Amino acid sequence: MQAAILAGGLGKRLRPLTNRIPKAMAPVNGRPFLEYELELLASHGVDDIVLCVGYLGEGIRAHFGDGARFGVRIRYSSEGERLLGPVGALKMAERMLRQTFFVTYGDAYLRLDYRAMMDALLAQEELALMAVYRNEGRFGRSDVVVKDGFVDVYDKEKSAPGMGWINFGVTAMKKQALGAADAGRVCDEPTFYGKLIGARQLRAYEVNERFYEVGSEASLREFSGLIAASTRGAGVAPTSEGTGSPEACSSLGGAPKRSARYTKSSPGQSCPQNQSTPSQRPDSPLAWHHESVRHHWTKIIFLSIKGCSHWTSIWPYHGIEEPRLRRGRSSGTYSWKTGVSCRRS
């Protein structure tokens, strides 16, 4: 699957930090934020990335290159000095985009079942599917009204009756939707999505996991704290990725808690709810990619035990801490999974 990541903004709320680095490169426990986002996407099978860069974009390109060392393919679309807004930047990257793709942001960490959401897009006739979260003003100002499974209003400035949802930060889109934007023209999201809403081409896809972002000093501290807690050994809580196929859900408003689902457009039509059982994983950003690297790290541990001379691997098998590889001349090799250790000879 493919994602276009909008990472060209000025990051004004993070100044003075963003006077020298782009927002997507904001440091989180010694790593650029965008590394965490790419790992999350790759763990869900989103491995073709188009980075729409602008302000200080050369720093992103220099660090991430072609994406190979992060398990993804990265290509770049640059706005240059004239910023065109998020949708204008997306339109500029049109030639790199597949017939279906996700649009998300370079400052957002969004946990959901991306495959299920893409399947939901493919199952509908409409051009776009916006992930929405029932926010009720908890994590910023709510900006979406949902009616009969469609996004009925999207306004980041003005309130409207029934505005209890918020744009979660990812939209699954068919390439034809970009016909609502003009090439080379500045275009913001409310204008673009307003055209899709007016044409009844924007459905809603509700998720129940909260979002994280690093667009302000407060949100950057919050996300950094979450990562720090997970690496120290935070407690384990159940979570669910859910599904999103039309066959697995009914309308927006009655699905089980902590799941994601597709929303039907016609009142009165319904279908069985998703019956998948929530998996037991650490309720932290790192937990979402532990499973995808488990077998890889098991192999490294085996090789480390066999060699015993240069590498120390630590694998917290239950996902309490981020897997990592340390190099040490005098340290032993230890695996929590195997309980085997050895010393340098």
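Taking amide H atoms as placed 1.01 Å from N in the peptide plane, the amide H of Arg111 lies under 5 Å from those of Tyr212, each 5 or more residues away in sequence or on another chain. DSSP bridge analysis restricted to the range 1-68 gives an antiparallel fraction near 25%, rounded to the nearest 5.
Going through the range 1-70, which GluC sites (Glu not before Pro) have at most 15 other Cβ atoms within 10 Å and a DSSP loop state?
Here no GluC sites (Glu not before Pro) fit, given the DSSP loop and packing criteria.
Listed values for the range 217-223 are Karplus-derived 3J(HN,Hα) couplings in whole Hz (6.51 cos²θ - 1.76 cosθ + 1.60, θ = phi - 60°), namely 4, 5, 6, 5, 5, 5, 5, and x replaces Gly and Pro. Within the range 46-132, which trypsin sites (Lys or Arg not before Pro) sit in a loop by DSSP and count at most 15 neighbouring Cβ atoms inside 10 Å? When the trypsin sites (Lys or Arg not before Pro) of the range 46-132 are filtered for loop state and at most 15 Cβ neighbours within 10 Å, Arg82, Arg98 remain.
Can you put Met92, Met130 in order of Cβ neighbours within 10 angstrom, beginning with the fewest?
Working: Met92 20, Met130 26.
Result, fewest neighbours first: Met92, Met130.
Over the range 2-232, the alpha carbon radius of gyration divided by the compact-protein estimate 2.2 N^0.38 Å works out to 0.96. Of the peptides 218-228, 119-129, the ranking by mean beta-carbon count within 10 Å, highest at the top, reads 119-129, 218-228. Close amide H partners of Asn135, meaning residues 5 or more places away or on another chain with modelled amide H under 5 Å apart, are Trp165, Ile166.
Here the Karplus curve 6.51 cos²θ - 1.76 cosθ + 1.60, taken at θ = phi - 60°, turns the phi angles of the range 187-194 into couplings of 8, 9, 5, x, 5, 5, 5, x Hz, with x standing for Gly and Pro. Amide H to amide H, with H built 1.01 Å from N, Tyr205 comes under 5 Å of Met130, Ala131, Val132, counting only residues 5 or more places away or on other chains.
Full extension of the chain between Ala68 and Glu35 yields a length gain of 10.7 nm, computed as 0.36 nm times the residue separation minus the alpha carbon distance.
Between the range 165-230 and the range 1-41, the alpha-carbon centres lie 15 Å apart. Charge dipole of the range 2-232 (Cα centre as origin; +1 on each Lys and Arg Cβ, -1 on each Asp and Glu Cβ, all else neutral): 380 debye, rounded to the nearest 20.
Count neighbours as other Cβ atoms within 10 Å of each site's Cβ, and list the trypsin sites (Lys or Arg not before Pro) in the range 1-60 that are DSSP loop with at most 16 such neighbours. Those satisfying the criteria are Arg20. Computed from backbone phi, the HN-Hα couplings of the range 125-132 come to 7, 5, 8, 8, 9, 9, 6, 10 Hz, rounded to whole numbers (Karplus: 6.51 cos²θ - 1.76 cosθ + 1.60, θ = phi - 60°; Gly and Pro given as x). Bridge orientation summary for the range 1-115: considering DSSP beta bridges with both residues in this region, about 10 percent are antiparallel.
Values in this text are rule-based calculations from the coordinates and carry no lab data. Note that the structure is predicted; figures quoted are calculated from it, not measured. Using ideal geometry, Cβ is built from the backbone for each residue, glycine included, and neighbour counts are taken over all protein chains shown.
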